[in-house]
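To keep things clear, I will list the structure first and then write my remarks on it.
All of the numbers you see were taken from the coordinates with simple rules; none came from a lab. Since the structure is predicted, the reported quantities are computational estimates derived from the model, not experimental observations. Neighbour counts are summed over all protein chains in view; Cβ atoms, including those assigned to glycine, are modelled from backbone coordinates with ideal geometry.
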Amino acid sequence: MEDYLLLKAALVTEGIRSDPASVAEVGTRYKEQNHGLFGWDFENHVEQKLPDDFSLPDGTVVQYRKNSHSQYHVVPEDGRLQLYHNDRSVCEVQWLRRPRYYEKKTTKGNDMIKVGQIGGKDCLFFCYQNYCSHFAKNQQCAFCNLVSTSNVYDSVMRKKDPVDVGEVVKAAWAEGDVNHVNLTGGCITPQREVAIVSEILASIREHTGFDTVPGTLLPSPAKGDTIHQYYETGIGSLCFAMEVWDKKYYEAICPGKAAGTSHDEFVSSIKQAVGVFGEGNVYAIFVMGLEPKETFLTGVKAISELGANVIPFVWSPNPGSKLFGHRAPFAEWYAQTNREAAEIVHDHAVPAGTRNHCYLCDGNSLLHDALREKGVV
Ligand code: SF4
């Protein structure tokens, strides 16, 4: 049987290409990329609609990363989409259905698709402000292409109106597929960000009737009183984008962020957040592949000991980032390291927190899939 974890790792580290006929209905019948925040493809494709993500036969969700030179390609065959690795037929894949609300407008007349987009199968994503102050000083994280993506595609509203967000959540939930929201912004001042998030969550709760909204909030690093303030907005979980566990790698790769929030501050804030949100309802986010396996797993262990979960995104050396043109570790490294990480998380019995985030949420992380192999869903 195919090792789907390894296959997913290969697809996100090598990228994928598609026969034009296989993507003909992307943007009408199937969900297309909308570049709500970062671009993950190996090359830009402004004129071409491509799938946001797709599923493998065992239900694994995979992020689509365009690479015209990839050995993996999709062709239509007998009414199905068949994935090939060079000449070897691998398996059938399926693009994900396009949400109906992508055609609708908010009462203010804004295109709903430009307000919030679905990531993976069931996670409704909002970037409430596509801005990061680190770019102006050339201190951005070396893997980040936020500004370039926004300039190249200009496909979403850069600031989101809270009422628009509430209406989009209501419309998306009514279709029956969405189970979580995921909110994030760029780097803005804590007071301003808490105010923005509070307004947005109030609108979501009003439009849905949720007391606690199932989902994740990833603000600029939350510290001190802001952690409790975010809890009071009614979001189910809080994320901390540590990016890299090793202190020295972190400072080198994320100079702007490290100047504002040290490694130790992240750790103490995560500990505090677990006390407020509860075990399993706090996430440390890493970009995996930028530091050695050993330090990454040390981080997974330390975070698990705090009762928090880990979301390790697979690094894409994407256009517009400082590391464009480099390459990520090979698929075997990702598959093996994630399986070891899953072992650590499982041993520490960190609650899975699947009310807020699950393996269907995005096709970027492999840890959920590795945990699924251990019966955690
Ligand atoms: S903090 Fe880093 S990853 Fe986040 S938007 Fe700024 S540069 Fe990008």
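Tabulated results
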read-out: Region 273-313 versus region 140-158: alpha-carbon centroid distance in Å; value: 26 Å
read-out: Cα gyration tensor shape for region 137-231, rounded if a/c is under 1.5, else prolate or oblate; value: oblate
read-out: Distance between modelled label sites at residue 43 and residue 265, nm, 7 Å Cα→Cβ extension; value: 4.1 nm
read-out: Anisotropy class of the chain from Cα gyration tensor, a/c 1.5 cut; value: rounded
read-out: Packing-based exposure ordering (other Cβ within 10 Å, fewest first) of 11, 306; value: 306, 11
read-out: Potential lengthening between residue 103 and residue 248 on full extension [0.36 nm per residue; Cα-Cα distance subtracted]; value: 47.6 nm
read-out: Charge context of residue 82, other residues only, Cβ under 15 angstrom, K/R +1, D/E -1; value: -3
read-out: Mean ellipticity per residue at 222 nm, deg cm²/dmol - from DSSP H runs of n ≥ 4 across the chain, formula -39500 (n - 2.57); value: -10000 deg cm²/dmol
read-out: Subset of 8/301; 247/322; 160/374 violating a 31 Å alpha-carbon distance limit; value: 160/374
read-out: Extension reserve of the residue 170-residue 336 stretch, reckoned as 0.36 nm per residue once the Cα distance is removed; value: 55.8 nm
read-out: Least to most buried among 213, 181 (fewest other Cβ within 10 Å first); value: 213, 181
read-out: Residue 88-residue 377 FRET efficiency (beta carbon distance; Förster radius 45 Å; 0.05 resolution); value: 0.90
read-out: Among 352, 328, 259, residue whose mean-square fluctuation peaks in a GNM of the chain (springs only between Cα atoms under 10 Å); value: 259
read-out: Distance-filtered residues of region 317-360 - backbone nitrogen under 14 Å, label point 7 angstrom along residue 71 Cα→Cβ; value: 330-333
read-out: Antiparallel %, DSSP beta bridges [both residues in region 4-95], to 5; value: 80 percent
read-out: Residue order, fewest to most surrounding Cβ atoms within 10 angstrom, among 123, 91; value: 91, 123
